[in-house]
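K.L.:
Sending over a structure as structure tokens; questions will come in a sec.
No value in this document is a laboratory result; all are computed from the given coordinates. Just so it is clear, the structure is predicted and the values come from calculations on it, not from any experiment. Here the Cβ is made from the backbone with ideal geometry for all residues, glycine too, and neighbour counts use every protein chain on show.
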């Protein structure tokens, strides 16, 4: 167990910053941190923070495993730093552009020095990302494998010419990341000062059209043209009868092993700078991953391919020390996956919506929980608890109510109580459940590609009565924030 974080009972809320009113790291993010602290929560869980595509807002399919999403940047915060005239703020991207043009003349010497220090400290990923973004812009958003072969394959002469030709765009991308990093650091400091820890999310795989695959093709199973030989996904399960074909290229684990998993060390170091605790999405893929032929349309005809999880985490622990990770261990989990998680003391996950589809030995039922896990009513991939319960047949609803003790409160409150009551050290509630929302309010429907990742709340939904009730329950079940 990660003793520095899950050293005591805690409660948290799952809410991605894009779901805040305004959808950025501005005043609403600080107000939400205040709400958490006042209600007794000590953890704010989010989804991955990377830059997303226009046609796919999924934070699990980002253009970089290291960069922050510029659309999360708050124009108002930039204005407070004095880098913008109020009339030129605009939206986040427009404000960043104006700030970039004015930075040299309006920033202090200390701020300019901070920018140079940022460029130096993050160069291991920043230089490749800035060039990648500038080239994507030049090629109107085409994926890197559709660029001219010399750029696709990073020919030295083509790279030198691109750096010279696109120098201004490259510098602007560096500046955007500097601004994101500063705004993130300020928000994290504000939350931590109030006793609220930030809980991040790191996907095991990266997108094919990403900086990491373009810049480090040697670490992935690709053909000579940069196309995946095999892709990642999961077999048929609770979420989909045909499985999920994610399409991410798979790692060349032998090549990664050859240099001591350096690529992973750099990646995890970035996450540790941003978060106090990190959920590792699809943890079971570190023991074996579902390998699907790239030509296959669905995930049904894949196979389990072994991965060197023990060696990887041993190397990461040597380089980075104790790892504050939570293993997303949902779905088809073998004894070998449990053994890997337990060897390194990573807490697992328990989802209460999964607890009632079998008998009393169901591992998600609260009486089967252990302290070294994180319990959720549901996650970003689940429907809201209210909608989930309403969709159950009457006999299933009765079984749920009977197990929870015939409480007279409407859903989702009985399940919220069950999560807070669990022996799990950390209980996390999606904000949709706190607000009692029903159908049409979920964050994501697995296996679909449209209509996801857009949910947002408004402050008039989060009443004082809700905050007061949560504070009582959190204290009742021994999870109250104590600074």
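K.L.:
Which peptide among 310-317, 145-152 comes first, and what is the full order, when sorted by highest mean count of other Cβ atoms within 10 Å? Mind dumping the intermediate values first?
P.N.:
On the way: 310-317: 17.0, 145-152: 14.8.
Ranked from most to least packed, the peptides come out as 310-317, 145-152.
K.L.:
Could you tell me how many degrees, from 0 to 90 and to the nearest 10, lie between the Cα long axis of helix 123-138 and the main elongation axis, the longest principal axis, of the Cα atoms of the chain?
P.N.:
80 degrees
K.L.:
Please work out the FRET efficiency for the pair residue 185 and residue 303, using the Cβ-Cβ distance as r and a Förster radius of 41 Å; give the result to the nearest 0.05.
P.N.:
After rounding, the FRET efficiency stands at 0.40.
K.L.:
Restricting to the chain, what percent of DSSP beta bridges are antiparallel, rounded to 5?
P.N.:
Numbers: 13 of 39 bridges.
Looking only at bridges with both residues in the chain, the antiparallel portion is about 35 percent.
K.L.:
Still on this structure, please answer the following. Computed FRET efficiency, Cβ-Cβ of residue 124 and residue 334, R0 41 Å: what is it to the nearest 0.05?
P.N.:
The calculated FRET efficiency here is 0.75.
K.L.:
Here's another thing I want to ask about it. Sort 110-120, 191-201 for me by packing, meaning the mean count of neighbouring Cβ atoms within 10 Å per residue, highest on top. Please report the intermediate quantities before stating the final value.
P.N.:
On the way: 110-120: 13.1, 191-201: 19.5.
Output ranking for 110-120, 191-201: 191-201, 110-120.
K.L.:
Let me ask something additional. For residue 445 and residue 401 in one chain, what is 0.36 nm times their gap in residues minus the Cα-Cα distance, to one decimal in nm?
P.N.:
Result for the pair: 13.3 nm of gain on full extension.
K.L.:
Given points 7 Å out from each Cα along the Cα-Cβ axis, report the residue 105 to residue 461 separation in nanometres with one decimal.
P.N.:
4.3 nm
K.L.:
Helix 464-476 against the longest principal axis of the chain: what's the angle in degrees, Cα atoms only, rounded to the nearest 10?
P.N.:
Roughly 70 degrees, rounded to the nearest 10.
K.L.:
Summing -39500 (n - 2.57) over the DSSP H runs of n ≥ 4 in the chain and dividing by its residue number, what mean residue ellipticity at 222 nm do you reach, to the nearest 500 deg cm²/dmol?
P.N.:
It comes out at -12000 deg cm²/dmol, rounded to the nearest 500.
K.L.:
Give me the extension gain from residue 262 to residue 138: residue separation times 0.36 nm, minus the current Cα-Cα distance, reported in nm with one decimal.
P.N.:
41.6 nm
K.L.:
If I fit a long axis through the Cα atoms of helix 167-193 and take the longest principal axis of the Cα atoms of the chain, what angle between them do I get, 0 to 90°, rounded to 10?
P.N.:
Tilt of helix 167-193: around 30 degrees.
K.L.:
By average Cβ neighbour count within 10 Å, what is the ranking of 371-384, 210-223, 402-415 from highest down? All intermediate terms of the calculation are to be shown ahead of the outcome.
P.N.:
Values: 371-384: 23.3, 210-223: 20.3, 402-415: 16.0.
Descending mean neighbour count gives 371-384, 210-223, 402-415.
K.L.:
Going by a ≥ b ≥ c, the root eigenvalues of the Cα gyration tensor, does the range 97-189 fall in the rounded group (a/c under 1.5), the prolate group (a/b larger than b/c) or the oblate group?
P.N.:
Cα axes put the range 97-189 in the prolate bin.
K.L.:
Only Cα pairs under 8 Å and at least 6 apart count here; give the relative contact order of the range 209-331 as a rounded whole percent.
P.N.:
Here the relative contact order equals 28 percent.
K.L.:
By how many nm would the segment from residue 296 to residue 241 lengthen if fully extended, with 0.36 nm per residue of separation less the alpha-carbon distance?
P.N.:
Gain on stretching residue 296 to residue 241: 18.3 nm.
K.L.:
Given points 7 Å out from each Cα along the Cα-Cβ axis, report the residue 322 to residue 423 separation in nanometres with one decimal.
P.N.:
Here the answer is 2.2 nm between the modelled labels.
K.L.:
Could you tell me how far the Cα centroid of the range 401-445 sits from the Cα centroid of the range 158-228, in Å?
P.N.:
35 Å
K.L.:
In addition: So the label point goes 7 Å from the Cα of residue 357 along Cα→C-beta, right? Which residues of the range 414-441 then have their backbone N under 12 Å from it?
P.N.:
Counting only backbone N, you get no residues.
K.L.:
Which FRET efficiency value, to the nearest 0.05, do you get for residue 252 and residue 163 by plugging their Cβ-Cβ distance into 1/(1 + (r/R0)^6) with R0 = 22 Å?
P.N.:
0.20
K.L.:
Follow-up. How high is the relative contact order of the chain, given as a whole-number percent (alpha carbon pairs under 8 Å, six or more residues apart)? List each step's numbers first, then the result.
P.N.:
On the way: 826 pairs, mean separation 95.5, N = 483.
It comes to 20 percent, rounded to a whole number.
K.L.:
Hey, another quick one. Return one quarter of the surface area of the convex hull spanned by the alpha-carbon atoms of the range 327-455, equal to its mean projected area, in nm².
P.N.:
So the mean shadow area of the Cα hull is 8.4 nm².
K.L.:
Roughly how many nanometres apart are two label points built 7 Å out from the Cα toward the Cβ at residue 314 and residue 408?
P.N.:
Between residue 314 and residue 408, the label points sit 6.0 nm apart.
K.L.:
Jot down the radius of gyration and Dmax of the chain, Cα atoms only, both in angstrom.
P.N.:
Both quantities, over Cα of the chain: 22.7, 71 Å.
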